[in-house]
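Trainee: Got a structure for you, written out below as structure tokens; questions coming shortly.
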Amino acid sequence: MATLTPESIRIIRTHLGLTQGQLARRSGISTALVSSIEREEKRLLSEVEQRIRSALAINDDTVEEIL
């Protein structure tokens, strides 16, 4: 499984037309955390990455296509 990066999360999120708030609600995390991760102020923990990946409903092939 390809690891998501802060930059790839931002790119995929905007490609899917989601705001940080929408992604946060879908992921069960705070908007502030999504923002901090995208700005690389907070480390992207594997548990949070899995929540975001699930919320975005993407697989590795989709990640490759978007990026």
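Since every read-out is calculated from the coordinates, none of them should be taken as a lab result. Remember, predicted model here, so these are calculated numbers, not experimental data. Ideal geometry is used to build each Cβ from the backbone, glycine not excepted, and the neighbour counts take in all protein chains shown.
Trainee: Can you confirm whether Thr14 is of a type in the set (Ser, Thr, Tyr) and outside any helix (DSSP H, G or I)?
Mentor: For Thr14, the condition - of a type in the set (Ser, Thr, Tyr) and outside any helix (DSSP H, G or I) - is not met.
Trainee: Moving on. Being surrounded by 15 or more Cβ atoms within 10 Å (Cβ to Cβ) and either touching a residue at least 60 places away in the same chain (Cβ under 8 Å) or outside any helix (DSSP H, G or I) (or both) narrows it down to one of Leu23, Leu44, so name that one.
Mentor: Leu44
Trainee: Looking at segment 1-11, which of the residues that are under 10 Å from the mean Cα position of the chain (by Cα) and in a loop (DSSP other than H, G, I, E, B) is farthest from Asp60 (Cα to Cα)?
Mentor: The selected residue is Thr5.
Trainee: On to the next question. Within segment 52-65, how many residues turn out to be in a helix (DSSP H, G or I) and surrounded by fewer than 17 Cβ atoms within 10 Å (Cβ to Cβ)?
Mentor: 6
Trainee: Quick one: would you say Ser36 is hydroxyl-bearing (Ser, Thr, Tyr), surrounded by 15 or more Cβ atoms within 10 Å (Cβ to Cβ) and part of a helix (DSSP H, G or I)?
Mentor: Yes, satisfied.
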